[in-house]
Amino acid sequence: MTNKALVVGATGIVGSALITQLKEAGWEVHGLARRPAALPAGVHGVAADLQDAQATRRALAGLAPTHVFITTWSRQATEAENIRVNAGMVRHLLDAVRPAGSVRHVALVTGLKHYLGPFEAYAQGDLPQTPFREEQPRLAVENFYYAQEDEVFAAAARDGFAWSVHRPHTVIGSAVGNAMNMGTTLAVYATLCKAGGRPFYFPGSAAQWNGLTDMTDANLLARHLLWATQTPAAANQAFNVVNGDVFRWRWMWERIAGWFALEPAPFNGEVRPLQQQMAHDAPRWTALAARHHLAEPDIHRLISPWHTDADLGRPVEVITDMARSRRLGFLDYQPSDEAFFALFARLRAQRLIR
């Protein structure tokens, strides 16, 4: 039977990596985004705004996907709005593909806010012990990840498809215009520090500088998504997805600095958020882009300092258990420093950084 994938969020960090994996595996691939421009050759673009239920139904009429991969969300001002909007997007999507009766598996990408709480109460209150494990219960707080899951669970029970939930830590990958993009944000910051002779300060907390953490490479996450659809025992399961290594930012910061031929500034425990450090960098970036013929002069299409600050400013150590996947045979491993280096090399090759 032909595998026909609908990748929702096709132009994002996870979606674009997943499309590459699916194409290499010989799948028919349809990529949904509000503006599905510049998708790889052979990928069928679907333009839709998932907040509009009728428009979503029209856009997906007759498509009949066998697998749906949900890799997108829409950031709102409050968690109540995050829940309303993002649960609605999942509901509109699954309602739109229901008439064909073709869907066999729906995979939903969420993240470690499942354990750390929503942005309004991030890493606060009574958190579960680390390493985070899939069997730990939901927090006693409203969270749009839970609302998205509940929409998938309800549709699966009604329509008879299998599901999987994938919870990465911070994702290392490339996508211009993405709302949560630590790797590119740090690359732009390093480029500005080098060009302007500025100190390369670690922007986060002492807990992150000294404590253990892990991350998720977008390509490893894409392989995990594909694996879950092809492994019967993975059906109807939630999985943590990380690279498999752990590190301390005091080590990783020196590694990143070295890649850019920078000396890392000493860390004295002071938090220096990137939102403050980079608040006036837009004109500097525009000038640097013009001087060196970079491809994107708008810094706001490249960086998400608010998200990087949230991750690197956490007051708690965060490490993640992957025992559930390991027991079922997913054994992929990716050193996190090499994932950063591969991303930086790609950004440089695309003339997005110096």
- Message: To test your reading of the geometry: what angle, between 0 and 90 degrees and rounded to tens, separates the Cα axis of helix 144-159 from the longest principal axis of the chain?
- Response: 20
- Task: May I ask you to give the percent of accessible area on the chain that is carbon plus sulfur, with a probe radius of 1.4 Å?
- Result: 49
- If you roll a 1.4 Å probe over the heavy atoms of the protein chains, what accessible area per residue do you get for segment 203-299, in Å²? 43
- For segment 39-92 versus segment 166-203, the gap between their alpha-carbon centres in whole angstrom: 27
- Item | Accessible surface, per residue, of segment 24-105 when the full set of protein chains is kept, probe 1.4 Å, Å² | 48
- Query: Among 170-179, 279-288, what's the highest-first ranking by average C-beta atoms within 10 angstrom per residue?
  - Reply: 170-179, 279-288
- Query: Any idea what angle helix 218-230 forms with the longest principal axis of the chain, computed on alpha-carbon atoms, 0 to 90 degrees, nearest 10?
  - Reply: 20
- Along principal axes, largest first, the alpha-carbon spread of segment 141-239 in whole Å comes out as 59, 31, 27
- Item | Ranked packing of 92-105, 50-63, most packed first, by mean Cβ within 10 Å | 92-105, 50-63
- Query: Given the rule -39500 (n - 2.57) for each run of at least 4 DSSP H residues, summed and divided by the residues of the chain, what is its mean residue ellipticity at 222 nm, to the nearest 500 deg cm²/dmol?
  - Reply: -12000 deg cm²/dmol
- Task: State, as an integer percentage, the relative contact order of the chain based on alpha-carbon contacts under 8 Å between residues 6 or more apart.
- Result: 19
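The values are calculated or read from the model by the stated rules, or taken from the named source; none is laboratory data. If you're wondering where the values come from, they're calculated on a predicted model, not measured in any experiment. Because the Cβ atoms are built from the backbone with ideal geometry, glycine has one as well, and the counts that use them run over all protein chains shown. Note: accessible area is taken over every heavy atom of the protein model, side chains too, but ligands, DNA and RNA are not part of it. Shrake-Rupley method; radii C 1.70, N 1.55, O 1.52, S 1.80 Å.
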